[in-house]
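The values are calculated or read from the model by the stated rules, or taken from the named source; none is laboratory data. This one's a predicted model, so the numbers in the text were calculated from it and none came from an experiment. All Cβ positions, glycine included, derive from the backbone under ideal geometry; neighbour counts span all protein chains shown.
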Amino acid sequence: MDRTRLRHEIAQLAALIGIALSVFFLTRMFATYTRTVRVRDAAEWYNRGQAALTRGDALAATEDFRRATARNRSDRRYTLALARALETSGNLDAAERALLALREFAPEDADINFELAQTAGARGDVPDAVRYYRNALYAPAAAADADLRRHVRLQLVAFLLAHGDRTRAQSELLAAAADAAPDADSAVALGDLFSEAGDFGRAEEQYVRAVRLAPQSEIARLIPVNDPLARRIPNVERERRLGADLQVVQHRLAGCATTGRAADAVRSAAEQIARFTSETALRSDPDTLNDGLALIYEGEHTALEACGNGTPIDRALLVIGRLHGAAVP
Amino acid sequence: MKLSATAQQLLQREHRVFIALTIVVGVIAGLSAVLFTLAIEQTNRLLFGLSPSAVRLFLVPTVASIGTGILLSKVFPDVRGSGVPQTEAAYHLADGFIRTRVPFGKFLMGVLCIGSGHSMGREGPSVQIGAGLASTIGRWVRLPPGRVRDLVPVGAAGALAAAFNTPVAAVLFALEEIIGDLNAPLLGSTVVASVASVIVERSILGNEPLFRVPPYRLVHPAELFAYAVLGVVGGVVSLAFCKGLLALRGLFLRLPAATRVIQPAIGGVVIGALLIYFPAIMGVGYEYVDEALNGELLLRGMVLLCALKLAATIVSYSSGNAGGIFAPSLYIGAMAGGAIGVVVHTYAPFPTADPGAYALVGMGTLFAGIIRAPMTSVFMVFEITQDYQILVPLMVANMLSLAISRHFQPVPVYHALLAQDGIDLKPAHKAEGPAQAGPSSTSKYEVPTTS
């Protein structure tokens, strides 16, 4: 009797374990399916959020990215997108919280640190922003990915310049120049940043580099049609180009509103050019061309120092001056 | 002498069987809770789709409630509401007897009601499902009635542990709420079941916490006053919830019995109408709790959601649908706390924590005020955050909320709900403590239907 009961109890327990195991595998299959649906839904919400961002609806995008994040927490793209949307809609605190939560699990992630830097920058927290920029810059991903590294560094430089920290910006720029991508756009961007940082010589070097790297770039295309000393062009054309270039510089100097010593320099350069154009007959003799070109370069350089970057034609005139041996004043 | 030795042997064997059953019940209760959670999610996804239209938002709860109303009246009359009071009644008054159809009916009705958008929680039903399965298993293996009774809180703890991913809080809930005694001798069994259940749950769903909560702490000692204010507000909101729930449910119960079949549909119509304008109050709503905990919601939104969720839950529950008040109390608390947090964070003359910290404390505060399980509340928040730092403010707010709620509503809401169904739990609860509970000679009787 006792043994029968024992056998019965064991059989019952075995049956229960069997049921538990069956339900376990069934539940696991169901969980896998549910996870698949969640991942698919998250991707759909993410796409909707991107579409909302494209049409400029940051609030709708925020809601969509939130839904994506809630359905798939493991994909950090969604949280990053949410943070960007929150930042765009002005909710900086929430954006930072979302990013910090993400950073808990990936403190060395370049993207997260970069986004945090942008958020801190938008908040006006310079030390935090610089710290996050540097974290992004020295993250393993940035070490391996040159494009990412260059992008982060240029953003850091722009941020430092925007906050008046020229010294640190210049040192970062030197590093950026050493690590620069071999393309004209990067060289022009670097040149612009160098000029913003007050290092005009290096700025012009970057413009020259841009022309050499990409003969089809905008600046490069402007040079052969604006250079009065270009080879195999008729004298009439040389005179026309010199006159046109002088007008460009005059226009640039006239529009360069500044104060103090810079204003004096701008005024002086403008007067020199005005005197040159009124007193000198614009002929194609080498002296006139060389003198005119020197004045154009000096005028552009003065405007660059006083009023920052100009238009592509201004950059092209600077490069023309440098190509024909003009020295930084 | 020989007889005594045989009795001893039998007792030992019964004990061994009980231990083995504790593990099995923990695993099965955990699995049922996980399955229940997944089924609700998939049903909701199936019924509403990814972004439902206004018509669909209105029709789904209305139509589903017509169906569940019929089933709840004709097939599963004993699975309305939360399931926690019914489980308590079964434990204290019926030797743990819960009909076999109850866990299955609760599963089906809970999935349909919560999945169709009713503002209700899944934890209460999980508790009843776990307890019901435990009771069924206990009877199937022919345990003595006292042992079947002991299995009920074990199943409840296992289910709650898996539903919340909070094993310690689940044990405390079983002791504090179901048994009503934190020193109950069933502590070991509930712990074993809870651990077994959580292991199963994590092996299926992974060890992801229910909410993503940043580390919060008390930033300034003066903040304790702000948390005290939160405790008072939490107490008042808890009171409003309990009073509102009991009043409206009383109203529904006074309606002719023939209307029982359409009462859930009345709730469905109201919820459908609310969902058109405020889909955020749908179902369990943990997505929005998570947003409040992370400070992603605005003040106006949180105040609105707090009021609407409170009203929606009262309507859903009172009209006799199947679903719990655990999750809604956390939702309402997070919104109330978050709103107070925004005000404190904006106007306090001292440094304060982010609004999310207040949402977290608010969550525990409402839980303590409504469910009246303060220790469960504290440990639940601790298990969710894995951080001790917020516990002091939480305890301050909890105690105040509990005191206010208890003062103005002396009978706990679960007991009051049972009382509305003609079940007086109090004398049995006090006279027959679980420590003394043994095989009972009283006949098994079914707990009257609670709706």
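Structure notes:
- Selection of the stretch B:321-370 for residues being in a helix (DSSP H, G or I), in contact with a strand residue (DSSP E or B) (Cβ under 6 Å, 6 or more places away or on another chain) and either among the small types (Gly, Ala, Ser) or within 14 Å of chain A (Cβ to nearest Cβ) (or both) yields only B:327.
- Among the residues of the stretch B:139-174, the ones that are part of a helix (DSSP H, G or I) and crowded, with 24+ Cβ neighbours inside 10 Å come to 24 in all.
Residue by residue, here is whether (1) surrounded by fewer than 17 Cβ atoms within 10 Å (Cβ to Cβ); (2) within 14 Å of another protein chain (Cβ to nearest Cβ); (3) more than 23 Å from the chain's Cα centre (by Cα) holds:
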position	(1), (2), (3)
B:221	yes, no, yes
B:249	no, no, no
B:256	yes, no, yes
B:296	no, yes, yes
B:306	no, no, no
B:319	no, no, no
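- Selection count where residues are over 10 Å from residue B:24 (Cβ atoms) and in contact with a helix residue (DSSP H, G or I) (Cβ under 8 Å, 6 or more places away or on another chain), scope the stretch A:13-25: 2
- Of the helices (runs of 4 or more DSSP H) that lie entirely inside the stretch A:68-147, those containing 3 or more residues that are touching a Ser or Thr at 6+ places or on another chain (Cβ under 9 Å), among the aliphatic types (A, V, I, L, M) and under 24 Å from residue B:215 (Cβ atoms) span A:76-88, A:92-105.
- Within the stretch B:367-411, the set of residues being buried (at least 21 other Cβ atoms within 10 Å of the Cβ), over 14 Å from the mean Cα position of the chain (by Cα) and either closer than 22 Å to residue B:91 by Cβ or of a type in the set (Phe, Trp, Tyr) (or both) comprises B:379 only.
- Scanning the stretch B:27-73 for residues that are away from every other protein chain (no Cβ under 11 Å), among the polar types (S, T, N, Q) and surrounded by fewer than 16 Cβ atoms within 10 Å (Cβ to Cβ) returns a single hit, B:53.
- Applying the condition of being over 21 Å from the mean Cα position of the chain (by Cα) and farther than 19 Å from residue B:41 by Cα to the stretch A:65-91 and asking which residue is nearest to the other protein chains (Cβ to nearest Cβ) yields A:91.
Table: residues versus (1) buried (at least 19 other Cβ atoms within 10 Å of the Cβ); (2) within 28 Å of the chain's Cα centre (by Cα).
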residue	(1), (2)
A:204	yes, yes
A:210	yes, yes
A:224	no, no
A:227	yes, no
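- Among the residues of this structure, residue B:203 does not count as one that is over 27 Å from residue B:400 (Cα atoms), within 18 Å of the chain's Cα centre (by Cα) and within 14 Å of another protein chain (Cβ to nearest Cβ).
- Total residues in the stretch B:219-256 satisfying the condition of being in contact with a Gly (Cβ under 9 Å, 6 or more places away or on another chain), closer than 13 Å to residue B:393 by Cβ and among the aliphatic types (A, V, I, L, M): the figure is 2.
- Number of residues in the stretch A:1-32 that are of a type in the set (Phe, Trp, Tyr) and more than 8 Å from every other protein chain (Cβ to nearest Cβ): the value is 1.
Rundown of residues vs (1) buried (at least 22 other Cβ atoms within 10 Å of the Cβ); (2) farther than 23 Å from residue B:297 by Cα; (3) within 14 Å of another protein chain (Cβ to nearest Cβ), yes/no style:
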site	(1), (2), (3)
A:95	yes, no, yes
A:98	yes, no, yes
A:103	no, no, yes
A:110	yes, yes, no
A:113	yes, yes, no
A:120	yes, no, no
A:123	no, no, no
A:127	no, yes, no
A:134	no, yes, no
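- Any hit, the stretch B:12-24, residues being more than 9 Å from every other protein chain (Cβ to nearest Cβ) and modelled with pLDDT of 90 or more: yes
- Flag for residue B:217 being basic (Lys, Arg) and assigned to a loop (DSSP other than H, G, I, E, B): yes
- Any hit, the stretch B:84-107, residues being closer than 15 Å to residue B:135 by Cα, among the hydroxyl-bearing types (Ser, Thr, Tyr) and at the interface with chain A (Cβ under 10 Å from one of its Cβ atoms): no
- Whenever a residue of the stretch B:348-371 is free of Cβ contacts under 8 Å to residues at least 60 places away in the same chain, it has no partner that is among the basic types (Lys, Arg) and in a loop (DSSP other than H, G, I, E, B) lying with C-beta atoms less than 6 angstrom away and at least six residues away or across chains.
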